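Nothing in this text is a laboratory measurement; each read-out follows from the coordinates by a stated rule. All values derive from a computational prediction rather than experimental measurement. Every residue, glycine among them, receives a Cβ derived from its backbone with ideal geometry; neighbour counts consider all protein chains shown.
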Amino acid sequence: MPKDELCGAASLTARLRPSGFVILSSFVILISSFSAAAELTTALDIRTLPYERSLEKLPVDLTATIGFVESGSTVLVQDDTAGTHLHFKPNRTDLRVGDRVRIKGTTTAGLYLPGVDVTELQILGHAAPPAAAPATYDDLATGRFHYQRVLVEGLGRTLTPLDENRSLLRLAMGSRVIEVRVDTPPDSAPAVIDARLRITALAAGGINDRRQLVFPYLRVMDWSDVTVSQAAQPPETLPVTSVAALLRFGAADEPHHRARIRGTVLVAFADGRVFLRDSTPPPPPRETPKDEPPKPPQSPSIAIRLTTPAPLTPGHLAEITGFPIMAGFSASLADAQVLSTEPAEAPTASMVSLREFQDGSHDADLVQLTAPAILNDFFRTNDGYELRLTSGSAPIRAFLLQSTAPQLAIGSVCRLTGICLVESSTDRGFRSSPDRASLLVRSMEDIQVLSTAPFWNAKRLVIAITILAGLILLTLFWITQQRRQITRLERKIVQQATLEERQRIAREFHDTLEQELTGLSLRLDAATTRPLEDKARNLLETSRSLVSRIQSEARNLVSDLRDTEHATTLAEALQLLADRAPDGVAITLDITPIPLIPPHVTHHLRMIAQEAITNALKHAQATQITLHLSSTPKLLTLRITDNGHGFDPTAATTGKPGHFGCMGIRERSRKIHAEVGWQSQPEHGTSVTVTLTL
């Protein structure tokens, strides 16, 4: 805070009360301490800021030395505490490694750790570059020295162009390999392959969107920062080593220098993979239990990865040098190169059983399985096609490195030849044993089809069963439809026969009974015109009325028999019965809506109601009759009630000679599976109730 402002604050506090003086003094001290803490003066203060704090654009006043110039917009600096990165707008092209600078600016989050957006830079002078800190691979992988100069040591593995003006050196640091990106082309590089190197570089790495270090690498501006501490031995002077002797106990140092091997080429792929069968004398066989016969010595094979693919032919005798590494289950060579080749005899595949194929003794060797295998499936992969086979009960995976699909039928029985590859292993005690082995097939010639797949394989059998099941379902459907059609025809025939029989009966009624009744009615009419005694006249009048009623019933019966086109509902049928009531009789309807019922049920219920009405008029001399019709979701009720003389239902409804009305009601009820009951007492009327389950 300026001096005049402090004096003004002091004079102001002198006029305040003691409590106000204390509060104001505390506020001034807090503002002063915050201003002092907000200004960052060391690289360590900047790089240890939390991400959220670095976004607050805190002020920076830093004095440091330039350790690496990335471009005109980015420079890496170090002081005595740590290192950080600077960003310029506009670009600066006048800065060099070793410049002593004073930077003012604000904090920025950066991709991985906080840095500085420079607003003002002053070059204080030029000195030596910042001191490099010795670092291991773990130091680089954890970001401990990120954006700082480090000193690393290792063994040069490969040197390739990164782009037009830069080089990529792969350095083995112990058992790990790190990339060294040099900003000069490789033609000016020293002999770095298999040489011990001391490299002064900038620690850097690839960063993801979560501010995480994916992999570390080193940045070097030119080859002057790469020092050869131990020159490499020329590969031609290396002793020829047995494949079985690689990575054994007693190695001179770590990481391993190049080894030189000689053997017969089994196969060479376009991606640089080579498999070689050792031609040097094999080592003594390992100890075997006394109860097992000794195994014959065998020349082990090895998998090799060339730096640059070479035109190698199977059967040639080749000398190859490379760096021994452990790959899978056996030692292999990485970053290898071919020294010489010469023609030799074509290699033959070792005949092995399925057990020997899986025990790891033929890892990386050319083998032929003595047991045939059945092809179960194959599918496309990134490198070619994977084949799934079964030999006995053991599954086998085979890989065919070609872009076209193999012309093989699922279910074919094959004899397989290829490179045995142990994919994984498991430790049992102090010993590692293979878990699973696969076969790397060189070409389609290594797959010998012993027998083609049978016609009735699982897929075709499933298709056939599906088709047969479909035919059976269609047949069942057709039979069901035919049965329905036959049932419809039978119903139609029955209906037609019923219709014809009804019409025949109607004709017979009309031509016989109704005509006779008409003649009888005419004779009675003629008889009443003659002078008669009162008793005889009353008898004739009664007979004439009875004949008229019988004639009316006959007409109604004929009408019912012929009227088949209009399906009369039960309510309509009861209404017709009420309309046909004789003079002096009142028929009352008590009807509620009911569900639709079949026509034959309607007919039987109508005839039951008609018979009950006839009995009430004929035998009980009823003058009032009530027809009740109602239903529930499960039950339909028809009740005929009269005010007649009544009777004893236990005796009068079982049938008497010449009386069949109640018997007919019972029979009709049984036909429609209904129940009927009579409730009556002498001189108290009668109630006939029919209940039908819906």
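What to note about this one:
- Formal net charge of residues neighbouring R523 (Cβ-Cβ distance under 13 Å; K, R +1; D, E -1): 0
- The string of couplings for region 485-494 from the Karplus curve (6.51, -1.76, 1.60, θ = phi - 60°) is 5, 5, 5, 5, 5, 4, 4, 5, 5, 4 Hz, one whole number per residue in order, with x for Gly and Pro.
- Antiparallel content of DSSP bridges confined to region 133-230, in %, to 5: 85
- Averaging the sequence gap over all C-alpha pairs within less than 8 Å and six or more residues apart, then dividing by the number of residues, gives region 455-565 a relative contact order of 34 percent.
- Cα convex hull of the chain - mean projected area over all directions, nm²: 78.5
- Working ranking of peptides 102-109, 611-618, 479-486 by packing, defined as the average number of other Cβ atoms within 10 Å per residue, highest first, is 611-618, 102-109, 479-486.
- Among 370-376, 636-642, the order from most to least packed when residues are scored by Cβ within 10 Å on average: 636-642, 370-376
- Net charge in the neighbourhood of I550 (other residues with Cβ under 12 Å of its Cβ; Lys, Arg +1, Asp, Glu -1) is +1.
- 3J(HN,Hα) couplings calculated from phi for region 91-105 with the Karplus curve 6.51 cos²θ - 1.76 cosθ + 1.60 (θ = phi - 60°) are, in sequence order, 5, 10, 10, 9, 9, 10, 5, x, 5, 8, 10, 10, 10, 10, x Hz; Gly and Pro show x.
- For the Cα trace of region 455-565, dividing Rg by the Kirkwood Rh returns an Rg/Rh value of 1.63.
- Placing pseudo-labels 7 Å out from each Cα toward the beta carbon at D590 and Q481 gives an inter-label distance of 5.3 nm.
- Efficiency of FRET between E516 and E675 - r from beta-carbon atoms, R0 35 angstrom, step 0.05: 0.35
- Taking the DSSP beta bridges with both ends in the chain, the antiparallel portion is around 85 percent.
- Ratio of Rg to Rh for region 567-693: 0.94 [Cα atoms; Kirkwood radius as inverse mean 1/r over pairs].
- Computed on the chain, with alpha-carbon pairs under 8 angstrom and 6+ residues apart, the relative contact order is 5 percent.
- Rounded to 10°, Cα long-axis angle of helix 661-671 versus longest principal axis of the chain: 20
- Model label points for T142 and E501, set 7 angstrom from Cα along the Cα-to-Cβ axis, are 10.7 nm apart.
- Proximity of backbone amide H atoms, modeled 1.01 Å from N, is registered between G205 and Y217 at under 5 Å, excluding neighbours fewer than 5 places apart on the same chain.
- Between 0 and 90°, nearest 10: helix 599-618 axis offset from the chain longest Cα axis: 30
- Sequence ranges 58-65, 338-345, 494-501, ranked by mean other-Cβ count within 10 angstrom, highest first: 58-65, 338-345, 494-501
- Note on region 133-230: the C-alpha convex hull projects to 6.0 nm² when averaged across all orientations.
- Gained length - A38 relative to L489, 0.36 nm times residue gap less alpha-carbon distance: 152.1 nm
- Under the Karplus curve 6.51 cos²θ - 1.76 cosθ + 1.60, θ = phi - 60°, whole-Hz ³J(HN,Hα) for region 172-185, x wherever Gly or Pro sits: 8, 10, x, 8, 10, 10, 10, 8, 10, 9, 9, 7, 9, x
- The length gained on full extension between T381 and Q122, counted as 0.36 nm times the residue separation minus their Cα-Cα distance, comes to 87.3 nm.
- Degrees, to the nearest 10: 514-528 long Cα axis against longest axis of the chain: 30
- Along the chain, the exposed loop sites are chymotrypsin sites (Phe, Trp or Tyr not before Pro) outside DSSP states H, G, I, E and B with at most 16 other Cβ atoms within 10 Å, and the longest stretch free of them is 1-248.
- Estimated 222 nm signal from helices in the chain, with DSSP H stretches of n ≥ 4 weighted -39500 (n - 2.57), rounded to 500: -9000 deg cm²/dmol
- Around the amide H of Q402, modelled in the peptide plane, lie the amide H atoms of Y385, all under 5 Å away and 5 or more residues distant in sequence or on another chain.
- The ellipsoid that matches the Cα gyration tensor of region 352-453 has semi-axes, each √(5λ) in whole angstrom, of 24, 15, 12, with the longest given first.
- Note on the chain: lysine pairs with Cα distance below 16 Å, sequence gap of 8 or more or different chains, count 4.
- Distant-in-sequence amide H partners of G272 (H built 1.01 Å from N, under 5 Å): none
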